[in-house]
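Since the structure comes first, as structure tokens, the remarks are kept for the end.
Read the figures in this text as sums done on the coordinates, not as results from a lab. Computed from a predicted model, the values in this text were never measured in an experiment. Positions of Cβ are generated from backbone atoms using ideal geometry, with glycine treated the same way; all protein chains shown enter the neighbour counts.
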There are 2 protein chains.
Amino acid sequence: MTLYINLAELLGTRIKQGFYRPGDRLPSVRALSVEHGVSLSTVQQAYRFLEDHGLASPRPKSGYFVPMERELPALPGMGKPAQRPVEISQWEQVLELVRSVPQKDVIQLGRGMPDITTPTIKPLLRSLAQISRRLDLPGLYYDNVYGVLALREQIARLLLDSGCQLSAEDLVITTGCHEALSCSIRAVCEPGDIVAVDSPSFHGAMQTLKGLGMKALEIPTDPLTGISLEALELALEQWPIKAIQITPSCNNPLGYIMPESRKRALMTLAQRFDVAIIEDDVYGELAYTYPRPRTVKSFDDEGRVLLCSSFSKTLAPGLRVGWVAPGRYLERVLHMKYISTGSTAPQPQLAVADFLENGHFEPHLRKMRMQYQRNRDLMLGWVSRYFPEGTRASRPQGSFLLWLELPEGFDSLRLNRVLLEQGVQIAVGSIFSASGKYRHCLRMNYAAKPTLQIEEAVRKVGVTASKLLAETVEHGAH
Amino acid sequence: MTLYINLAELLGTRIKQGFYRPGDRLPSVRALSVEHGVSLSTVQQAYRFLEDHGLASPRPKSGYFVPMERELPALPGMGKPAQRPVEISQWEQVLELVRSVPQKDVIQLGRGMPDITTPTIKPLLRSLAQISRRLDLPGLYYDNVYGVLALREQIARLLLDSGCQLSAEDLVITTGCHEALSCSIRAVCEPGDIVAVDSPSFHGAMQTLKGLGMKALEIPTDPLTGISLEALELALEQWPIKAIQITPSCNNPLGYIMPESRKRALMTLAQRFDVAIIEDDVYGELAYTYPRPRTVKSFDDEGRVLLCSSFSKTLAPGLRVGWVAPGRYLERVLHMKYISTGSTAPQPQLAVADFLENGHFEPHLRKMRMQYQRNRDLMLGWVSRYFPEGTRASRPQGSFLLWLELPEGFDSLRLNRVLLEQGVQIAVGSIFSASGKYRHCLRMNYAAKPTLQIEEAVRKVGVTASKLLAETVEHGAH
């Protein structure tokens, strides 16, 4: 572990424990450098890390302070999943979420849907229409199994920003990131195999493990720095783990970005225990900081990482255009891609390639990152205002998903059922665990441009949660 | 087996053996009725069957004759695959086919590509463009896991013609028929299971079995009436078969339509041995006769058949819109669909639903059926003219694929390599077998409107085949 993370965690804990209070001046860079025997730049890095997570704010020429406006909810605790491989359950709850369709009278805070109403997406719609009108009908043919070359070239360029040096030949286009993950898992694992996952973890990837007869070993995960490498190392020593499946950049659902040093350390672990890493980077382009974070794949010189992503979160999920950079597993992934859908539809691929080629992607991303970051702050404010005391909240560093933890014993399944009658939908926490943990948690989407309606929806969630919580407590008191 | 099929097979054999010669009058309906102790209508049915397969032609008021123009190649023999479950090979050859892209200077006779240049498809292209321009952006959202309701309703109506009474709730939209097959196989079977397949059989479905760790048991298949029910019954008695995977209507690659009575008998067999049937109906709408043939599914009152299809052959493969009617396996198929691609792209679904709703599909199908039937006759003529003596050819009753059998020892892999240098591509026979049989066979596509270029391409295939064959014989003589 690197020094600055250690120091940041130490200071963070002290702030959270009330050792330093809102408005208090934090120790000077120089003092900390002496106290902990680290360089000035290490302390500065630690403070920047705390700043990114809303725990410290700089004042010109006066040093760092605990933010006054720190009415922010506390961070969620680190999960305590089962310390053994488990069969995955929760399909019923996931099905309830994925069978839902957009309805006029329901505000959907549950799904991982980006804002697609932004004007910066218009050139893509124009391309889609134009391709349908081209006389050579490029949208109607079978694509080859790798996917459209022009798009793979654009993606290879895009991946440079995440530190990856890949060419079009290293990439396979898929029907969304979902197919990328599913092909990757099938390329690496067999039924009965154990896969280590961050916890909480993306339900889609876990249901894939379930569907393919694999077991999940949930590893405790820190809401700021990601999967616990210590717990992972112990697990790797103890179990015949075949692969590690994680979302290290703009994690779903926790929103953290795993620090670079930890990504590097994860890579070293994978090498030492000779396991594959399936890296879900679907939100990676939506980090609020620029340049975007590096991928674990960028530290991989052995082809051990299968990097999976898509344009579902950055452009639109209805396109179903994703990709995988499968490293040494290319041949297997191609076979799995072929048997899964034969080939990917060419029309949306051509439209996305146009969009990237004509330089529309970067300005679009800049706009979305800013929108999502502003929305995060609004949403955190609403949670402080409307949610019951003791609600804890993640500090997303990218994407548009907020993770909330209510007191133990709270039932988000029941909350969701009551809310649906009021025209609001959330994602229940239990689908983010292989074994139905996190039932007292929930995930909310803050992608859309804020409106009074959305604030009202969030208020409903908070008020209803308070009511249910009061009932739980009362019930417990009887 | 029904009487008329028996009688037709008997007469067919006599004609093929030269017992009746071109121009000969065949026995009268009355005489055959007396001779075989069957009704007049049974004999008439038998003659109609022979007529459909080019072995008899009626003359008004004079009865049936052996066609004068019977310069048609003989039918392929019945395959003799291994009588035990085998691991599936041939991925290398399939990959060679599916990694190919349309190229200006290569005539692709190898892929299962329909003719998409017909004007009757234009309303679909207009819809695709219009949907991209709609302000409510229906093409960009996540679809629900079942697929677009309007499309499922249209497909349910369409399925009435094949004898199926299903509702939208019985259907799941998939990313092409490929995903329908793959979800069906995974819903029914587990790794290590044995699946009985017709032989030759669609390479995509077999590669799916391979990718999922299953074994294929290839059942001998008649080029006119389909899978041998006798051989299948023996296999079911001998092996713990989990499912039967077949293409009974407009078979790929043989082009036959399994007679209704045999479909019914197949259903009875499946019930007796309690196995599932995965029915690939992707070419079923392209039967040259109207109304289209019934599906095996239409005889299923227990939800035992998983009916898989798509618009890839009737409209365009680039749409990637397929479906499955999974019967009692609905819940499992939904899970498999979810983990495979999450959901299907909504834009092409909406466009296809429009196309059907506005009545464009039936006229389009009528036109394509006629075109493909005409092309079949042309193609058979070219084969007679340009291919080496002893070449046998299927008699497709629908779709646009011709199966050719050259003398044993002929190497279609080598043929394909030599042809690629001349700008022609074919599908090698060995990919249609789990164990690389049929290397002396090949499949050619006759969907496109006939041109001199295509005739020239077919001529090249024939001439090159003759040359290679001569070398083989010469080599064998040394």
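For this structure, a couple of remarks:
- Taking each DSSP H run with n ≥ 4 as -39500 (n - 2.57) and averaging over every residue of chain B yields -13000 deg cm²/dmol at 222 nm.
- Within segment B:3-65, the ratio Rg/Rh, alpha carbon atoms throughout and Rh by Kirkwood, equals 0.92.
- Scaled against the 2.2 N^0.38 Å expected of a compact globular protein of N residues, the Cα radius of gyration of the protein assembly as shown reads 1.05.
- Cleavage-rule hits (GluC sites (Glu not before Pro)) in segment B:58-100: DSSP loop, at most 12 neighbouring Cβ within 10 angstrom: B:E69, B:E71, B:E87
- Anisotropy class assigned to segment B:103-147 is prolate, per the alpha carbon gyration tensor with a/c at or over the 1.5 cut-off and a/b larger than b/c.
- Charge context of B:L224, other residues only, Cβ under 10 angstrom, K/R +1, D/E -1: -2
- Exposure proxy for A:V383, A:V324: other Cβ atoms within 10 Å of each Cβ, ordered fewest to most, give A:V383, A:V324.
- Gyration tensor (alpha-carbon) shape descriptor, segment B:314-361, a/c threshold 1.5: prolate
- Computed over segment A:190-246, the quotient of the alpha carbon radius of gyration and 2.2 N^0.38 Å is 1.08.
- Summed side-chain charge close to A:A150 - residues other than A:A150 whose Cβ falls under 10 Å, Lys, Arg +1, Asp, Glu -1: -2
- Principal axis dimensions, segment B:328-384 - Cα atoms, whole angstrom, descending: 49, 31, 23
- Anisotropy class of chain A from Cα gyration tensor, a/c 1.5 cut: rounded
- Among the listed pairs A:K104/B:K313; B:K297/B:K449; A:K337/B:K80; A:K242/B:K210, those with a Cα-Cα distance over 29 Å are A:K104/B:K313; B:K297/B:K449; A:K337/B:K80.
- With its label point defined 7 Å out from Cα along the Cα-to-Cβ axis, B:R133 lies at 0.7 nm from the matching points of the other copies, in increasing order.
- Aspartates and glutamates whose Cα lies under 13 Å from that of A:K215, excluding same-chain neighbours fewer than 8 positions away: A:E87, A:E190, A:D193
- Peptide B:318-324 has a mean of 5 when you count, residue by residue, the C-beta atoms of other protein chains within 10 Å of its C-beta.
- Equivalent ellipsoid semi-axes, segment B:344-478, via Cα gyration tensor eigenvalues times 5, rooted, Å: 35, 17, 13
- Antiparallel bridges, percent of DSSP beta bridges restricted to the protein assembly as shown (to nearest 5): 55
- Taking every DSSP bridge with both residues inside chain A, close to 55 percent are antiparallel.
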